[in-house]
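Sharing a structure below in structure tokens format, with a few things to ask.
The values are calculated or read from the model by the stated rules, or taken from the named source; none is laboratory data. Since we're looking at a predicted model, the values are computed, not measured. Positions of Cβ are backbone-derived with ideal geometry, glycine not excepted, and every protein chain shown enters the neighbour counts.
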Amino acid sequence: MGYLQPADYAAFGLSADTADAWVTAASAMMEAYCKRPSLLAASYTERMRVPFRAQTLRLSYTPLISVDAVQAQYARPRFGDDACGELLDGYSAGSLAGGYLAAFAAPNQWMPVDVTTLDVSLPTGEFRFAWNMMGLRYGVAEVTYTAGLTTVPDAVKVACAQIVRNAQTTPGLNVRSSKLDTLQTQYFSDSLIDSQVQAILRPYVAERLG
């Protein structure tokens, strides 16, 4: 989709008769730069390792709107494995938590997590698992969440318009609008997404994936 509507063109420094293809191409470049299918609200599912001590995850896509569903696997105690923190945290195969895991939690078994128990930070895109009375900690989690923009802010519209202006003044892109396509524009992406555009889009770039 385009992050500028025809009614916005003049307000953001574009000619009122700008071909929609310019905006469509610029919008696609913004999504590619941010490593996401859309800057607007969308549902994502990620599977990731949970840091043993922190029990906190940072999601790839922001701004975070909601954490919708979580399932996780308990960390398995492995004697002598400092990377998992068992020796430092008392979470060993002989502990109460270790005994519970051996008795009730099959290897690779996914456990549903009540999302209302999570400590969620929408501004940072992070959430922390609640303390478990058995002392159990999670090792892997699969998270389904909603993230993105509910409305297109002026800053994103400015970035889109700037890419279009950069494209229109770039040698090699002064072509008939009917021949403009995303692949041709993508070829010039390094020069079209200038430092100003990068600064505007920085909050929407995926920080990590997988």
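Would you mind telling me which numbered condition in (1) under 23 Å from the mean Cα position of the chain (by Cα); (2) at pLDDT 95 or above; (3) aliphatic (A, V, I, L, M) A130 fails?
For A130, the failing item is (2).
Something else: What's the number of the condition P77 fails, among (1) modelled with pLDDT of 95 or more; (2) assigned to a loop (DSSP other than H, G, I, E, B); (3) crowded, with 19+ Cβ neighbours inside 10 Å?
Status for P77: all satisfied but (1).
Moving on. Going by the structure shown, is T18 modelled with pLDDT of 95 or more and of a type in the set (S, T, N, Q)?
Considered against the rule, which asks whether it is modelled with pLDDT of 95 or more and of a type in the set (S, T, N, Q), T18 comes out as no.
Yes or no: A11 more than 17 Å from the chain's Cα centre (by Cα), at pLDDT 95 or above and either surrounded by fewer than 18 Cβ atoms within 10 Å (Cβ to Cβ) or of a type in the set (G, A, S) (or both)?
It is true that A11 is more than 17 Å from the chain's Cα centre (by Cα), at pLDDT 95 or above and either surrounded by fewer than 18 Cβ atoms within 10 Å (Cβ to Cβ) or of a type in the set (G, A, S) (or both).
All but one of (1) modelled with pLDDT under 90; (2) small (G, A, S); (3) touching a strand residue (DSSP E or B) at 6+ places or on another chain (Cβ under 7 Å) hold for A41, so report the exception by its number.
(1)
In region 17-71, what count of residues is obtained for those that are polar (S, T, N, Q), more than 12 Å from the chain's Cα centre (by Cα) and assigned by TED's automatic domain parsing to the domain that holds D119?
So the answer is 4.
Looking only at region 88-122, how many residues end up being farther than 18 Å from A54 by Cβ, part of a loop (DSSP other than H, G, I, E, B) and modelled with pLDDT under 90?
Residues meeting the conditions: 9.
Now for a separate question. Run V197 past the list (1) at pLDDT 65 or above; (2) surrounded by 13 or more Cβ atoms within 10 Å (Cβ to Cβ); (3) part of a loop (DSSP other than H, G, I, E, B) and report the number of the one that doesn't hold.
(3)
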